[in-house]
Amino acid sequence: MTMTRQDMDAIRALQALEDGRSSVRLRAALAVGTTPDPYFVDKLIERCAIEPEFFVRDMLTWALTRHPVSMTLPGLLREVRSERAQARSQALHTLSKIGDRQAWPAITRTLLSDADDEVARSAWRAAVVLVPEGEESALATVLATQLGRGERETQLSLSQALVALGEVMVPALYAATTASDPRVRAHALATQQLLRDPDAGFELAIGEAKRVVALARAPKTDD
């Protein structure tokens, strides 16, 4: 069977996605996205799970968004159940970029509380994009269980996700301001500040919130 020029180009592109040079892989992902072909979908998804460079992974995601949802969704939904953390994280990131709400049932509570911070952060972002109308409050309640988790970057991601849900998250956030864990209370208070003033810096908000929590815990003295 004679191979066409298109077949040869496809084979070269697939080989380039595995090249040892990140610049070559980046150009290959760009080329695949520029000329979408269902033939590439499985390889793009497979590569997302193991690609070490952030910029290449982002280009792989872009290339996947250039293909029909009917072609990409089944493979991405399989990946969110992968044992490999990067596979779950990148699949969730790609689903958030595609934005098709058919993927919503895959955003489970397990993913929203994944032990890997990168997976959890990707799940939070995807959930905010994909949540169906009327389910925002329930999502806010689940997200609020993660308050106080991780370091600055993780906490900021969660605060941004909650703020993106808008006023529906206020009850869950208010409940967290009285939690026994001071980290949870401080994170909840900082998120409240971001909701009131989205332009406020997170560092300033979390710093002020920690000060408020510390003052509340300080022993009272008589004048």
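A short reminder: the numbers here are calculations on the coordinates, not readings from a lab. None of these values were measured; they are calculated from a predicted model. Heads up, the Cβs are rebuilt from the backbone with ideal geometry, glycines too, and the neighbour counts pull from every protein chain shown.
Values for this structure:
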{"read-out": "Charge-dipole axis of segment 1-151 as Lys and Arg at +1 and Asp and Glu at -1 on Cβ define it, positive-most pick from ALA144, ALA103, PRO68", "value": "PRO68"}
{"read-out": "Check: segment 7-99 dipole with +1 on Lys, Arg Cβ and -1 on Asp, Glu Cβ, in debye", "value": "240 debye"}
{"read-out": "Ranked list, fewest to most other Cβ atoms within 10 Å of each Cβ, for TYR174, TYR39", "value": "TYR174, TYR39"}
{"read-out": "Cα centroid separation - segment 113-132 against segment 12-64, whole Å", "value": "23 Å"}
{"read-out": "Nearest-0.05 FRET efficiency for GLN15 and ARG183, computed from C-beta distance (R0 41 Å)", "value": "0.25"}
